[in-house]
Amino acid sequence: MLKTRVFNATSVSVLAGLALALAVPVGAQTTLPPVSIGAGMRSSFVHTEPDGPVDGTDEFLLDSIRLYVSGSVTENIKIMFNTEYNGPQNNVDVLDAAAQIAFSPKFNVWFGRFLPPSDRANLYGPYYANHWAVYTDGVQDGYPFIFQGRANGAMYWGQFGKVKVSGGAFDGSTLTGDDTLLAAGRVQVDFWDAEGGYYLNGTYYGDKNLLAIGAAGQMQGQDKSAYSVDFLMERKLGGGAAGTIEAEWAKYDKLGGYSSNYGTDDGGYVLGSYLFPKMSGPGQWELLGKFAKARFREGLTLLNLDHDQKTTEINVNYVIKQFNARLMMFYLDTRFDAVRTNFKRFGVGLQLQM
């Protein structure tokens, strides 16, 4: 009897659904625009060894989990909504939430929260960087942000062949505590292949021959500014191999920087990598090295002594499917000439995206 009752209830539900569908006029049926959903994760094992008598530490870290959602409202209007798990605080925050209006490649307007015009390092983020230990050198992406390089505001950007420009205004109170609007702009010139779109990469794993120079700046009021110049060159070398050189110089003058205890923070880095030709197995090996030097000046108190930071990073990476699947073995040596303790760090990181 129980089986009979379940069958009868199901039959009634199906018939009712068919009747409702037949009752709806054909003209009232609509097709929803496609929605794209993706995800990414970064996890690592890290050993940290400070100089001196302090014991080293070993950690298994869930560095990041991201959920990507985007969809079209009309042919020219899209919505982008991304979230990220914040490992140290064990919570989930809004990464991007933006309305994207595209009239043409030359005229795009974004509103909401997103990456403002800034250096290449901010516009590629950790998932599209060429190396593992991003944003640890005192130079890369020291611009002020709410969360993971993002800001609330409005922006125009346009692609004019091999020249890309962007500019916008952003909420100052959530970035620096000053309610004066923050202005941001960037211009980039590609001398070989063009980089399409607003976001950038730290490498193209040999898919492009690239020679790009970019300059960015941000300003808040009359006395707060930050600016940078970045460079990326990549050449295909045959057999799937590629050579890459990336460099940047930046200065954060009372705006952003790596430490709120200092008025100015400036420095630069050079990164070089070689992607070996494809051999047996699913992926390719890559050897990478990076050296950076940053200077911290104008300390707010007598205890905030002027000092320099030197950072050396070496990666041995196994690239399975470019940014969607890669295993990255890293060594980081960070040295200070005052104030802070030197330390070494090594480990292995795994990144997956879908």
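The values are calculated or read from the model by the stated rules, or taken from the named source; none is laboratory data. These numbers come from a predicted model, not from an experiment. Virtual Cβ from ideal backbone geometry, glycine too; neighbours counted across all protein chains shown. We work out accessible area using only protein heavy atoms, side chains counted, and drop any ligands, DNA or RNA first. Shrake-Rupley method; radii C 1.70, N 1.55, O 1.52, S 1.80 Å.
Miscellaneous remarks
- Of all residues in region 290-313 being touching a Ser or Thr at 6+ places or on another chain (Cβ under 6 Å) and open to solvent by 50 Å² or more (accessible area, probe 1.4 Å), the one that is farthest from PHE231 (Cα to Cα): GLU298
- Scope region 334-354; condition assigned to a strand (DSSP E or B) and within 25 Å of MET41 (Cα to Cα); matching residues: LYS344, ARG345, PHE346, GLY347, VAL348, GLY349, LEU350, GLN351, LEU352, GLN353
- Here ASP63 meets the list (1) open to solvent by 40 Å² or more (accessible area, probe 1.4 Å); (2) under 22 Å from LEU182 (Cα atoms); (3) in contact with a helix residue (DSSP H, G or I) (Cβ under 9 Å, 6 or more places away or on another chain) almost entirely, failing just condition (2).
- When SER70 is tested against the conditions (1) surrounded by fewer than 21 Cβ atoms within 10 Å (Cβ to Cβ); (2) of a type outside the set (Asp, Glu); (3) touching a Phe, Trp or Tyr at 6+ places or on another chain (Cβ under 6 Å); (4) farther than 17 Å from ARG186 by Cβ, the lone failure is (3).
- Residue list for region 165-176, filter: part of a strand (DSSP E or B) and surrounded by fewer than 19 Cβ atoms within 10 Å (Cβ to Cβ): VAL165, GLY167, ALA169
- Answer residue from region 129-164, given it is open to solvent by 40 Å² or more (accessible area, probe 1.4 Å) and among the aliphatic types (A, V, I, L, M) and is farthest from ASN261 (Cα to Cα) among those: VAL163
- Among (1) under 23 Å from VAL69 (Cα atoms); (2) in contact with an Asp or Glu (Cβ under 9 Å, 6 or more places away or on another chain); (3) not hydrophobic (A, V, I, L, M, F, W, C) - the single one GLY138 does not satisfy: (1)
- Residues of region 186-226 satisfying the condition of being on the phi > 0 side of the Ramachandran plot and surrounded by 17 or more Cβ atoms within 10 Å (Cβ to Cβ): TYR205, GLY206
- Residues within region 253-271 that are open to solvent by 30 Å² or more (accessible area, probe 1.4 Å) and part of a strand (DSSP E or B), tallied: 2
- Flag for THR312 being outside any loop (DSSP other than H, G, I, E, B), within 14 Å of ALA133 (Cβ to Cβ) and hydroxyl-bearing (Ser, Thr, Tyr): yes
- Restricting attention to region 321-354, the residues that are loosely packed, with under 14 Cβ neighbours inside 10 Å and either of a type in the set (Gly, Ala, Ser) or within 22 Å of MET279 (Cα to Cα) (or both) total 2.
- Of the residues making up region 272-305, those that are part of a strand (DSSP E or B) and either of a type in the set (A, V, I, L, M) or over 25 Å from the mean Cα position of the chain (by Cα) (or both) number 8.
- One residue from ALA250, ALA241 being crowded, with 19+ Cβ neighbours inside 10 Å, farther than 20 Å from PHE170 by Cα and at pLDDT 95 or above: ALA250
- Total residues in region 82-115, condition open to solvent by 90 Å² or more (accessible area, probe 1.4 Å) and assigned to a strand (DSSP E or B): 4
- Taken over region 228-250, the criterion of being of a type in the set (A, V, I, L, M, F, W, C), more than 18 Å from PRO117 (Cα to Cα) and either outside any strand (DSSP E or B) or touching a residue at least 24 places away in the same chain (Cβ under 8 Å) (or both) is satisfied by LEU237, ALA241, ALA242, ILE245.
- When VAL229 is tested against the conditions (1) surrounded by 23 or more Cβ atoms within 10 Å (Cβ to Cβ); (2) touching a Phe, Trp or Tyr at 6+ places or on another chain (Cβ under 8 Å); (3) of a type in the set (A, V, I, L, M); (4) under 28 Å from TRP192 (Cβ atoms), the lone failure is (1).
- LEU22 being under 30 Å from TYR127 (Cβ atoms), at pLDDT below 90 and of a type outside the set (Lys, Arg): no
- Which listed residue, of GLY197, GLY149, GLY206, is touching a helix residue (DSSP H, G or I) at 6+ places or on another chain (Cβ under 6 Å), of a type outside the set (Phe, Trp, Tyr) and in a loop (DSSP other than H, G, I, E, B): GLY149
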